[in-house]
Amino acid sequence: MSISEASALLKKLSSEVSSSSASASTTLASLKLILVDFDSLPPLCLPTPDSKEEQRIACEALELGCLLAVKNGDGEAFEGNTNQLFPIYSSCLSVPQSANRKKVQGLYLMFLLVENRLADFHSVLQTYTAEEIGDGRINFAVLLERELMVGSYDKFATSSTSLPDPLYQFFMTSLLSTVRDNVADALEVSYESMDLADAQRMLMFQPNETSAFESFVKQSREDWMVVDNEIKFQPVVASNRAEDIPSMKLISQSLSFATEIERIV
Amino acid sequence: MIALPTPPTSHSGPTQSSALSLLSMLQEDSQPLVFSALKKLLRVVDTLWHEVSASLPLLEEIAEGEEFPKETKAVASAVASRVFFHLEEYRDSLRLALGAGDAYFNVVSDKSPYVETLVCKAIEIYTKVSDSSSTADDDVMDDNVEDDGLKDKVLGIVEKMFERCYSERTWSHALGIALEAKNIDKVKQILEKCGDSLNEKVATLQYGLSACTTVVVNRAFRTEALTVIGENFRSLPESHNDFASLVRCEHLLGNSSSVSEMLAGLLKTGGDKSLLALQLCFDLVDTGDQHFVSAVTSGLPKGDSVSSEIKADMEKVTAILEGGFAGELELAFLFKESDSDPLIIANLKKSLEEKGKVASLLHSMSLHANAFLNAGTTNDKFLRENLEYLKKANNWAKFSATANLGCIHQGHVTEAMTLLEPYLPAEGGAVAATGGYAEGGALMALGLIHGKPNCATALRTSTTRYLRDQLRTNSANETICHGAALGVGLSGLGCRDATIFNELKEVLYTDSAVAGEAAGIAMGMVQLGNGGGGNQEVTEMLAYAKDTSHEKIIRGLSLGIALMHYQLEEKADGIIEQLFRDRDPVLRYGGMWTVALAYVGTGNNAAIKKLLHVAISDVSNEVRMAAITALAFVLFKTPERVPELVKLLLVSFNPHVRYASCMAVGIAMAGSGNADTLAILEPMLEDLTDFVRQGALIATSMVMMQAPESHKSYKKFKSKLTGIVGEKHQSPLTKMGAILGQGIMDAGGRNVCLNMASRDGFVKPTSVIGIMMFCQHWFWHPCCSLLGLAFQPTVMAGLNHDLAFVKKFVVTCNSKPSAFAYPARLVEKKEEVKKRVTTVSLSTTAKAKAAAAKKKKEEGGDDMEVDKKEEETKKEGEGEGEEEKEGEEDSEAAKKKKKKGPEPKSFELNNPSRMTKSQVRVCEPKPGRYHPVLAGAKSGIILLTDTTPTEEDDEVEKVTVPSVEEEEAKMPEPFVWRPEGAAPAAAPTTTDDGAAK
């Protein structure tokens, strides 16, 4: 009975997601309440008569949940849904490929990039098959990661214009700010001062985005001072003075070790 | 129960079941979803707890926050509690489990490891809380108990556990908890509740009695609990009376009068009950608590007040309690059933003499080994046949050689004076200031012969008197004084006589190092266990120890102080603390022994902690050694713990620590033949330091005592022992260990074992003192002889109402005969080997042989007969000589074994015969005309009821004490020593006393 209920809810959810209806999240929640009682899903993975159908519904529902979260710009919800979804992928290999699967997989890689969880990124990538990686939606994220790692931020800027799916835009925006932060950090250390226009170019703002650039400087870089069309970076404070060494602690530690060694039988 | 998820099987690749999906659901907004997820988590938490543990903070937030409904909070607590359980954080686990409530933590019906463990934890907290007197070792533990109101909840759980025990009728569990928690009201309640089934009540009471002696550490509470248990025992109806347990209980409480009354009552009832009384008397004597036994004896009705019909029985009772009957029986058994192999010592002597002159140390040790081999058997044939060899003993070696006679003739009280006459100081003779080694040794031998409390009291007191006279008349000679003082100490062990004490004190105040040391020890022996609570005598002894400049006297006094605190437990803490903090290492050394004796057999954790601390931190090697050896004394009732505890010390860089660890293991595991223990001792046999090898050899021999030839390590170790003695480059100290080891391994005609406890679990003072004094051989070699006191016959003897052996009583042993057989006798080595012997030793052997032949002529071939007889008895003792032979061959050639039929699964033991400690488990009295009066009695002296008393039984045998009938033949001739002046008397005594170490 719950299966039929679930598939009905899934249908409803599917239409709500595509029409961006506000009630989608409540539908998803009630669907999950049914899903949680399916023993065929991880971590139990017990063989039940309807296990295939249950797994299929669970996959599709959670995939829709992921897309919905991206649409709503809710990173946390996206992560929660992927956490529930990916164990099904890995433990229930017989689940049929759904239309949204590769999209979600690609989005998940994007999400990990945004979060700067590179270790997770690569371990997730290991679980994808070659065929999956060949897909444009997933490959996009893979290439992007390579560019970021190499530091070719300019190529990154160009790739942001050719998104495989509009949903990627959400992550690209966050990624851009991440990249921007990295560049800003590098600038601080490399230069004492810099021309405003140069800085704007370096920080990947279009020439027509001056106001955005100015607000970025004001909001996230409070210690930069704008004087006469030039940005003055604050010199990095030198550290590591003698007082910083916890000498007393070290001495007492060494002494206690010495006593212990004496006592070793 | 929690259903364990079956792991997914049909997968390939890196797929694993993961709780990640459920954990991520916990962060969802929908509360019902969280609840469902938690319930599902509970099902998988036992396998996936490592993943869940990352979300513990979240779980605790749900469990303790206000956000969620009660039901959700309970499940969250249950999940978190199980995670903590797997993380072995039982405290947190318990806290959350209590929060989860009954639905998820069902104490009454759930028996999963999770619940059981937590209940244990709860009980632990409960005992800590209710045990207000504890000085809180783990403050961490107690701190929070009050804070988070855990206490009440824990009490609730424990209360439920009690209920569960009641409903399941597992009374002993409940009683154990109550005893550990020191809750006397609960004890009473339990004993009341189990009263509806008398059988169960008796079992519970018996359990309580043994738990009191093993588990309850606090002396005051033990007395309280024992009183309650005793009352309950007494209130049992006639049909379920358990007199044996009641006597134990009263003995522990020290109520001698009620025991006397009970015995008198039993005798009056007559019949089986009077047999039972005799059995109880034997058991009482076996405990070795002379003080209590004599108190019981004096409480018995005497003279005219004894009615005529019980007069005969009453005489028997007194014969057992103070007439030394038990001692005679032991002596008769050891004499008759002795399987002492004369070739062991003969071969030893031969290999020592192979290289010409025998070193004094090894010579003296070989005599010690001979004494051990024949301890208590009265067999001094080797000494008689090898007078030449014996004569090589000089100075203190001569002293120990004579003292060893006492070891051999231990318990042979009736003829002690005749035996030792040739050596005793001449009546009225002038006393020389030097020499007197044989005289001193003979006096100590007298003490050794009368050392065990199961010999006749009258003879003991008269010997003590004689020894005191000698002490007075020979006060000018410190050697004789030394022997006499030790003799007085041994024969007057625990008599608490103030005059004797003062006489010894006079000897002490002469400030002679040698005599003073013995006096110090003897003072302790006389006042055994009588020193607690700021005793005046202890203060005096301590003051003198600080005053004198002789290290030997200080050591003697500190050991004396230790003896005076025997079994005093907490009452000794004051003096222990004082001695521990002393600047003099010799006094600290005494402090360690004080702990050993005060807490002997208690397993007291505080004492162990103290000892271990000293063992690794003291600056003096001797103190560290004493501390480690003391561990074996404190823990002898749970011996397996000792090897565990000293395992790390065995690999210490300090050889003294390694030596002492070996000794501790040996003492604790003596006679067990335990394979694990032997395995940890084995590497020590090849240690780089010679005296560590010595310790390992001695310890291994102790462990291998009474091991059958079929034991895995028997052959290897035995050949190692004999091999080391002959090795050219082996250090003398190692050889010494091998020689002593040979003596210990086959001690007392293979019929005795080292054991500090009596069969009833009482601590035997003589054994404890024997082992303790043996450990002093590090400083003073003559102390070796005292080990004889610690040898306890492993005897099974069935007696009828007339106290005679009943031949028709047979015990079935359900095991292969080879598992408990005496090892086969050695056979004479082949001739060619002998030919390679150097000329020097050949001449001596020839001489010895000639002497032996001459002797044999004189004896008229008596020896041969004795030999034959011995062999016969041996065969009888084994019951099936044929099979024994088979067993031997088995162990020799495993291939042959397969061809022959399998060994029989059981065999029979005749009465009396040897029954080793490990053998008791597999033995069962064979049903027949006689059966034990005390059901379940299997070893020791067993009184038997006759089912057909009217029928004559001609197969009985009286207990006969071996005696020196053939005067000349049995008597070893006195040593012929060179005139005092010609003897190398000028040599300093220290050459022989082992202080070289």
Can you name the condition, by its number, that A:Val95 falls short on among (1) more than 13 Å from every other protein chain (Cβ to nearest Cβ); (2) in a loop (DSSP other than H, G, I, E, B); (3) in contact (Cβ under 8 Å) with a residue 40 or more places away in the chain? (1)
Could you tell me whether any residue of the range A:83-90 is of a type in the set (S, T, N, Q), farther than 20 Å from A:Lys11 by Cα, over 16 Å from the mean Cα position of the chain (by Cα) and outside any helix (DSSP H, G or I)? no
Count - residues of the range A:200-216 that are closer than 23 Å to A:Val114 by Cα and either in a strand (DSSP E or B) or in contact with a helix residue (DSSP H, G or I) (Cβ under 8 Å, 6 or more places away or on another chain) (or both): 8
Single residue of the range A:223-265 satisfying the filter (modelled with pLDDT of 80 or more and in a loop (DSSP other than H, G, I, E, B)) that is nearest to B:Leu611 (Cα to Cα): A:Pro246
Selection over the range B:637-661 where residues are within 11 Å of another protein chain (Cβ to nearest Cβ), of a type outside the set (A, V, I, L, M) and assigned to a helix (DSSP H, G or I) yields a count of 3
Can you tell me which residue within the range A:140-164, out of those that are of a type outside the set (A, V, I, L, M, F, W, C) and buried (at least 16 other Cβ atoms within 10 Å of the Cβ), is farthest from A:Asp181 (Cα to Cα)? A:Pro164
Hey, among A:Lys32, A:Lys12, which residue is more than 9 Å from chain B (Cβ to nearest Cβ), assigned to a helix (DSSP H, G or I) and not polar (S, T, N, Q)? A:Lys12
Hey, does the range A:39-50 have a residue that's in contact (Cβ under 8 Å) with a residue 12 or more places away in the chain and not in a loop (DSSP other than H, G, I, E, B)? no
Candidates B:Leu557, B:Leu563, filtered to the one that is assigned to a helix (DSSP H, G or I), closer than 26 Å to B:Val642 by Cβ and not acidic (Asp, Glu): B:Leu563
Considering only the range B:411-426, I want to know if a residue exists there that is within 20 Å of B:Met773 (Cα to Cα), buried (at least 24 other Cβ atoms within 10 Å of the Cβ) and modelled with pLDDT of 90 or more. no
Give the residue that is nearest to A:Ser177 (Cα to Cα), with candidates limited to residues of the range A:103-131 that are in contact with a Gly (Cβ under 9 Å, 6 or more places away or on another chain) and assigned to a helix (DSSP H, G or I). A:Val114
When you scan the range B:771-785, do you find a residue that is within 18 Å of the chain's Cα centre (by Cα) and without any contact (Cβ under 8 Å) to a residue 40 or more places away in the chain, even just one? yes
Which of the numbered conditions does A:Glu115 fail, given that it passes all the others? Conditions: (1) under 18 Å from the mean Cα position of the chain (by Cα); (2) under 20 Å from A:Ile133 (Cβ atoms); (3) surrounded by fewer than 22 Cβ atoms within 10 Å (Cβ to Cβ); (4) more than 14 Å from every other protein chain (Cβ to nearest Cβ). (2)
Those residues of the range B:21-63 which are charged (D, E, K, R) and within 12 Å of chain A (Cβ to nearest Cβ) amount to B:Glu28, B:Asp29, B:Lys39, B:Lys40, B:Arg43, B:Asp46, B:Glu51
Could you go through the range B:768-788 and let me know if any residue there is in contact with a Lys or Arg (Cβ under 8 Å, 6 or more places away or on another chain) and under 16 Å from B:Gln410 (Cα atoms). no
Being of a type in the set (Asp, Glu) and under 23 Å from B:Arg219 (Cβ atoms) is the filter here; which residues of the range B:576-621 pass it? B:Glu577
Considering only the range B:625-650, how many residues are under 18 Å from B:Leu597 (Cβ atoms) and surrounded by 23 or more Cβ atoms within 10 Å (Cβ to Cβ)? 13
Exception for A:Gln55 within (1) surrounded by 21 or more Cβ atoms within 10 Å (Cβ to Cβ); (2) more than 10 Å from chain B (Cβ to nearest Cβ); (3) in a loop (DSSP other than H, G, I, E, B) falls at (3)
Go through (1) without any contact (Cβ under 8 Å) to a residue 60 or more places away in the chain; (2) aliphatic (A, V, I, L, M); (3) surrounded by fewer than 23 Cβ atoms within 10 Å (Cβ to Cβ) and name the single condition A:Leu62 misses. (3)
A:Asp37 fails exactly one of (1) within 8 Å of chain B (Cβ to nearest Cβ); (2) under 25 Å from the mean Cα position of the chain (by Cα), namely (2)
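Give the range B:471-504 a look and list any residue that's among the polar types (S, T, N, Q) and at pLDDT 90 or above, or say none.
B:Thr479, B:Ser491, B:Thr499, B:Asn502
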Taking the range B:86-112 and keeping only residues that are under 14 Å from B:Ala122 (Cα atoms) and among the hydroxyl-bearing types (Ser, Thr, Tyr), one is left with B:Tyr90, B:Ser93
Within the bounds of the range B:619-636, is there any residue that is touching a residue at least 24 places away in the same chain (Cβ under 8 Å), polar (S, T, N, Q) and within 14 Å of chain A (Cβ to nearest Cβ)? yes
Might you check whether a residue that is within 20 Å of B:Met773 (Cα to Cα), of a type in the set (Gly, Ala, Ser) and assigned to a helix (DSSP H, G or I) occurs anywhere in the range B:599-610? no
Could you tell me whether A:Cys45 is at positive phi, within 12 Å of another protein chain (Cβ to nearest Cβ) and of a type outside the set (Ser, Thr, Tyr)? yes
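The values are calculated or read from the model by the stated rules, or taken from the named source; none is laboratory data. Since the structure is predicted, the reported quantities are computational estimates derived from the model, not experimental observations. Here Cβ is always computed from backbone atoms with ideal geometry, including for glycine, and neighbour counts include all displayed protein chains.
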